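The values are calculated or read from the model by the stated rules, or taken from the named source; none is laboratory data. If you're wondering where the values come from, they're calculated on a predicted model, not measured in any experiment. FYI the Cβ positions are ideal-geometry reconstructions off the backbone, even for glycines, and counts take in every protein chain you see. Accessible surface areas use protein heavy atoms only, side chains included; no ligands, DNA or RNA. Shrake-Rupley method; radii C 1.70, N 1.55, O 1.52, S 1.80 Å.
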Amino acid sequence: MADAAPGPRPRPISPNIQLDGGVWRWHVTMVASILHRVTGMGLYVGALILMAWALSLAAGPGAYGTFQSLAGSILGKLVFIGVTLCAFYHMANGVRHLVWDAGYGFKPKTADATAWLVFGFALIATILFWTLILTGGAPQ
């Protein structure tokens, strides 16, 4: 009697999610790509907050007061700082992608350098933006 046929073979796993760490080594351009998607989702959250602001404004003084107290809390300010960081990162990385669309910036050293530039710009722009907001504006 012949042996029974073996069961189905396991399906291959994508190389970037293998249990042993995969075949892809983490590098700055990979992180930049993932963060571009994450910041896009963060901007979606920002759009929902903007919608909540408009709805609270339309609902009357009580609802708007509640929104103001939430937005003015420490947690609210941290969320707004995060949305601001998302906006600056997504904008800078979008410019990086536009340069790629023009056919430039694909050499590994250039791609790495522009990814670091995007990280730096987003962080510095967010710090400057919120410093201006929290200190009352630009110096006279």
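Ser56 meets the conditions (1) within 15 Å of Phe119 (Cβ to Cβ); (2) surrounded by 15 or more Cβ atoms within 10 Å (Cβ to Cβ) in every case but one. The failed one is (1). Step by step: first the residues of the stretch 103-140, then only those that are in a loop (DSSP other than H, G, I, E, B) and surrounded by 11 or more Cβ atoms within 10 Å (Cβ to Cβ), then the one that is nearest to the chain's Cα centre (by Cα). Which residue is that? For the stretch 103-140, the residue satisfying everything is Gly105.
Taken over the stretch 43-85, residues that are in contact with a helix residue (DSSP H, G or I) (Cβ under 9 Å, 6 or more places away or on another chain) and at positive phi amount to 0. All of (1) touching a residue at least 40 places away in the same chain (Cβ under 8 Å); (2) open to solvent by 70 Å² or more (accessible area, probe 1.4 Å); (3) of a type in the set (D, E, K, R) hold for Lys77 with one exception: (1). Is one or more of the residues making up the stretch 36-46 within 21 Å of Phe129 (Cα to Cα), part of a helix (DSSP H, G or I) and polar (S, T, N, Q)? Yes, the conditions are met somewhere in the stretch 36-46.
Is it true that Ala54 is assigned to a helix (DSSP H, G or I) and either closer than 24 Å to Trp26 by Cα or in contact (Cβ under 8 Å) with a residue 12 or more places away in the chain (or both)? Here the answer is no, as Ala54 does not meet what is asked.
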